[in-house]
Each structure stands twice: as C-alpha cells, then as structure tokens.
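Have a look at the structure below before the remarks.
Values in this text are rule-based calculations from the coordinates and carry no lab data. Since the structure is predicted, the reported quantities are computational estimates derived from the model, not experimental observations. Here the Cβ positions follow ideal geometry from the backbone for every residue, glycine too, while neighbour counts run over all protein chains shown.
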Amino acid sequence: MLIDSHAHLDSAQFDPDREHVVRRALEANVKIISIGTDVPSSQKTLEIARKYELRCTVGVHPHEAEQFSEEETLAQLRRLCAEPEVVAVGETGLDYFKEYAPRPAQQMAFRAQLALAQELQKPVVIHLRDAAEDLLKILKEHPGVRGVAHSFTGDWALAQELLDLGLYLSVNGIVTFEKSHALREVIEKIPLERLLVETDCPYLAPVPVRGKRNEPSFVRYVAQTVAQIKRLSTEEIAQATTRNTQELFGL
Ligand SMILES: [Zn+2]
C-alpha cells in the first residue's frame, strides 16, 4: 500500500473522469489525501473525500492569499476542520517565486493558518518556494506545530532546518526528472522515518508518464525512484512512507 499524501482531486482536470481516477488508485492499492487550495476548493475537496471515502485538507494556498480574511476565511476553515474527513490545515505557506499574492498577504494567511492548526491540534501542509528565510522565521513563531513541507526540492541545509523543526518532507515526480541530481542527493540523506511521497496531481507527472495528466496511482513511480536512491525495495519505501503519513495525519 502507498499513500499519495498530496493530490488535488478537486482540479477541474478530473471533472470528466474523477471516479475512474479514484478507482485506478484503489486498484493500485494507493490511498489519497486530497488537498484544498482556497475555500471553494476545500469545500469541493471535502465533498469528493466524502463521496469516495478519502481524507482531505482545507486551507488557502499562498497563490490565493489575497482573498484570505482573518475573520470570514478563518471561520470557514475552522468550520470545515470539524468534519471527520479533514485531517490537516493547508495547503498554506509562502511562494515568492510566482508571487501571485503580495508577500504581506501571504505571511498573514500563513500565520493565521498555523495558529488555527495549533488551536485545533492538526498538522499543516506547507508549500514553500523561494521563501525559506521568512518561512522558517514564521514557523519558529509557532513552536510545536506539526506538518509536512510538500514538494520538497530544497538543499540539504534547508532540509535539516525543516527536520529540526519536526517537519516531514514530501517528494513527488520532480525526483524522477533527469535533471534532479542535486535533489536525489538530498533525498538520500533524509531519514526514512521523515519522508512522505505524493503526486501533487494533476501537475508534475513523474517519468515515465511525464507530460501527461498526473494522478494518484502514479505515486508508485515516485516510490520506485526513492527506493533506488535509498537502495531499498519499493515495498520498504511504501511501508515507511505509509507509516509516516498515518502518524502525521492521525489516520
Ligand atoms: Zn499542492
């Protein structure tokens, strides 16, 4: 069994055939955590989780941070978090690469969601791109917060800082790309008990299906590559990452 710890099943790209996508995952013995990216997306993700008996998260992505209001949005997320399918807050975080929302708005939304996660004692799903310094600073304002840095592509120094804060690191199809030599070297050093796997579908399809629409059943290609890097069997990677994901999200 594998768990795709980060899938965007609410994506419109899955509207025509979501049922088949979920069935292919079940047939491949892959469980799914579907990730919300704003309030409507979180509501849709929750409905999908209910329908297919999956787990999900609710949150506001840094790209959408300008819509975040500390009263209304936070109250909506708090209400959604009470549903039994919801296992974490997120995805939230900072993205200074695309910077679709102004940095102060991203920081405010991130702080508010970290505080919500602490209040509700839920883990957080963190998106980080080109904003490590501010992200680490804000994380340190919320000691004891548990979570995962998803789509991890940083260097070993950043990995160590995130691991020291108690976070898990999640890897996806990027690890299978020809050019990701440096990332593979970092993953070799990440302790097995802190590693998760994900697809981030419908984006970032791994080799050998690169360029196609990604889906949860393809997480096996990520696990196979991680197994090669760690010189372990795919089964050992599956067992370890499943256990880690269950621990983190209380599954
Ligand atoms: Zn995502």
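Work out how much length L251 to E83 would gain on full extension: take 0.36 nm times their residue separation and subtract the Cα-Cα distance, in nm to one decimal.
59.1 nm
Can you quote the Å³ per residue value for the convex hull of the Cα atoms in the range 2-249, rounded to an integer?
112
Starting from the 7 Å offset along Cα-to-Cβ, what nm value, one decimal, do you get for the label separation of L120 and A12?
Going from the L120 label point to the A12 one covers 2.7 nm.
So, with +1 on the Cβ of K and R and -1 on the Cβ of D and E, and no other charges, what is the size of the charge dipole of the range 33-118 about its Cα centre, to the nearest 20 debye?
180
What is the dipole size for the range 75-149, taken about its Cα centre, with +1 at each Lys and Arg Cβ and -1 at each Asp and Glu Cβ, in debye to the nearest 20?
It comes to approximately 140 debye.
Can you give the FRET efficiency for E185 and Q43, using 1/(1 + (r/R0)^6), R0 = 45 Å, r = Cβ-Cβ distance, to the nearest 0.05?
Efficiency computed from Cβ-Cβ geometry: 0.65.
Please give, to one decimal in nm, the separation of the simple spin-label points placed at N29 and E53, each 7 Å out from Cα toward the Cβ.
1.8
Tell me, what is the percent relative contact order of the chain, built from C-alpha pairs under 8 Å that lie six or more residues apart?
Once normalised by length, the contact order is 19 percent.
Pick out which of A101, A49, A182 has the largest mean-square fluctuation in a Gaussian network model of the chain, springs linking Cα atoms closer than 10 Å.
Evaluated over the chain, the most mobile residue of the options is A182.
Under a crude label model (7 Å from the Cα following the beta-carbon direction), how far is E235 from A105 in nanometres?
It works out to 5.1 nm between the two label points.
Which far-off residues, 5 or more places away or on another chain, put their amide H under 5 Å from the one on Y168, with H placed in the peptide plane?
G147, V148, A149
Among P102, L2, L167, whose Cα lies farthest out toward the positive end of the dipole of the chain, if unit charges sit on the beta carbon of Lys, Arg (+1) and Asp, Glu (-1)?
Checking the options against the dipole of the chain, the answer is L2.
So which of K31/K212; K51/K189; K51/K137; K51/K212; K98/K122; K98/K179 end up more than 31 Å apart, counting from Cα to Cα?
Listed pairs above 31 Å: K51/K189; K51/K137.
Within the range 1-98, report the GluC sites (Glu not before Pro) that DSSP leaves as loop and that have at most 11 other Cβ atoms within 10 Å.
Qualifying residues, ordered by number: E53, E71.
Could you pull out the trypsin sites (Lys or Arg not before Pro) across the range 120-201 that fall in loop regions by DSSP (anything but H, G, I, E, B) with no more than 10 other Cβ atoms inside 10 Å?
Hits after loop and neighbour filter: K179.
Hey, got the dipole for the range 2-249? About the Cα centre, +1 on K and R Cβ, -1 on D and E Cβ, debye to the nearest 20?
580
Which FRET efficiency, nearest 0.05, do E193 and E70 yield, Cβ-Cβ r, R0 30 Å?
0.25
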